[in-house]
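A short reminder: the numbers here are calculations on the coordinates, not readings from a lab. Only a predicted model underlies this, so the values are computations on that prediction, with no experimental measurement involved. All Cβ positions, glycine included, derive from the backbone under ideal geometry; neighbour counts span all protein chains shown.
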Amino acid sequence: MDEHKNTPVREERPELIDQALIAPYLKELFGYDRFVEGVKTFLPENLFHRMLEMKDRVNTIEGFQTDIILPVLNLIEQISIKELTSGGLEYLDPAKQYLFISNHRDIVLDSAFLNSTLFKRGFRTSQIAIGDNLMRHRISDLIFRMNKSFVVKRTGSPTELYKYSVLLAGHIRAQITEGTDSVWIAQREGRAKDGNDRTQTGLLKMLTLGQQGDMKDFFKSLNIVPVAISYEFDPCDLLKAQEFVNKKNNPDYRKSFEEDLQHILLGLRGQKGRVHFEFGKPLQEELEIFDELPNSKKQLEALAAIIDGRIHRNYALHGINEIADKLLREDDSLCTRCDEGEDMKLRDYFSRRKQQLQNDTDGSGYRYLLGMYANPLTNAQSAE
């Protein structure tokens, strides 16, 4: 079956698929032998057969998420996460909509586990902003769209991108102020592969396109909730460091979709240790500082700094973050966050990763890898 066919027709707007179309989309997805074989390989036999049974009963997006996706996420949690925790949801109202802005580590699991966390605590799952680079294959396009995802275009002429950004901003604004779903968007384009989480002011400026009136009131109406997503171990840390080395050695290097797929699969199954989602309070009083700032540029910079501060302070730090920082500073003192015997194990972990890096002649790739884990600690200390 052709994986690039366009039936049902792809939307050129950011809105979700019509729930009335969920059955044709689901039928198409399970019509791809490549998808079915991949799922069969990944899932235990009983869960695979349950999914085949449920696909003929599901006829809504909510049903797809609860009856097909959630069991898969529960399996991923069971095989790859030591402990999945969350905090801060007591500050939120399940009857309200929020704009969740978070740091970004994993291509798929950041938004997936955010939604499963919301669902298990009685909240509606949120809509997800996904870059169009992940929608280039029909199978991934279908899966993301049926998970309440909408596209963030990154390719096209400046005029095309601007027009689409206006539509995108209007869609997000309408969902928060008039709709029924919250929205998740990463604080920057793509993942922060170096662990240095920073909110792009360009993202915040995009949100304002087409809006009129006072900036302070506008951002208050979006109910922005900074979310800190913390993985003790990044299963893709070596791949990210190797990508850094490849780009350094060859400025024309571009990661292929197949490499993205490798990151996705390793991210799903690889060991993550302890994973934590910390939801901050919706930004309201903090935005009063806008009245003291001379222009919109300074206001956007201030908002980015506020979001960053929340994420940095709420990031769950572990022994691996401290050990990475010590290795960067060539500090042999014992780790204060480590459990008994963990100090040496973590130093050995990084030693093995260093040996696995290819063509890292000057050691910059190894330092980059250490930075992935040390930067959250550095940022948290600066935010205190």
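In this structure, the amide hydrogen of VAL152, modeled 1.01 Å from its nitrogen in the peptide plane, lies closer than 5 angstrom to those of ILE130, GLY131, ASP132, counting only residues at least 5 positions away or on a different chain. Given their separation in residues at 0.36 nm each and the Cα-Cα distance between them, GLN381 and ARG136 gain 84.2 nm when the chain is fully extended.
Applying 1/(1 + (r/R0)^6) with r as the Cβ-Cβ distance of LYS255 and SER157 and R0 = 22 angstrom yields a FRET efficiency of 0.40.
Close Lys pairs in segment 210-305, defined as Cα atoms under 21 Å apart and 8 or more places apart or on different chains, number 10.
Between ARG353 and GLN262, the simple spin-label model (points 7 angstrom out along Cα→Cβ) gives 1.7 nm.
For segment 123-135, 3J(HN,Hα) computed residue by residue from phi via the Karplus equation (6.51, -1.76, 1.60; θ = phi - 60°) reads 9, 5, 5, 8, 6, 10, 8, 10, x, 5, 5, 8, 10 Hz, glycine and proline entered as x. Applying both filters, DSSP loop and at most 14 other Cβ atoms within 10 Å, to the trypsin sites (Lys or Arg not before Pro) of segment 111-203 gives ARG121, ARG136, ARG154. With both labels modelled 7 Å from their Cα along Cα-to-Cβ, the ASP214 to LEU21 distance reads 4.0 nm.
Loop only by DSSP, 10 or fewer other Cβ within 10 Å of the Cβ. Give me the chymotrypsin sites (Phe, Trp or Tyr not before Pro) in segment 20-90 that pass, ordered by residue number.
Details: sites: TYR25, PHE30, TYR32, PHE35, PHE42, PHE48, PHE64; in loops: PHE30, TYR32.
Counting only loop positions with at most 10 other Cβ atoms within 10 Å, none of the chymotrypsin sites (Phe, Trp or Tyr not before Pro) in segment 20-90 qualifies.
Each of ASP56, ASP325 has some number of other Cβ atoms within 10 Å of its Cβ, and from fewest to most they run ASP56, ASP325. For GLU62 and ASP332, a Förster radius of 51 Å and the Cβ-Cβ distance give a FRET efficiency of 0.45, rounded to the nearest 0.05.
Per q in 0.09, 0.11 Å⁻¹, report the Debye log10 I(q)/I(0) for the chain, using one uniform scatterer on each alpha carbon and no solvent. For the requested q values the scattering log ratios are -0.56, -0.85.
With viscosity set to 0.890 mPa s at 25 °C, what whole-number translational diffusion coefficient in µm²/s follows for segment 232-384 from Stokes-Einstein and a Kirkwood radius over Cα pairs? Provide the component values of the computation, followed by the final result.
Values: Rh = 17.9 Å.
The estimated diffusion coefficient comes to 137 µm²/s.
Is segment 14-103 best put as rounded, prolate or oblate by its Cα gyration tensor, with a ≥ b ≥ c the root eigenvalues, rounded for a/c under 1.5, and otherwise prolate when a/b is larger than b/c, oblate when not? Show your work: numbers first, answer last.
Values: a/c = 2.34, a/b = 1.30, b/c = 1.80.
It comes out oblate by the Cα gyration axes.
Each residue, LYS281 and GLU53, gets one label point 7 Å from its Cα in the Cβ direction; the gap between the two is 4.8 nm.
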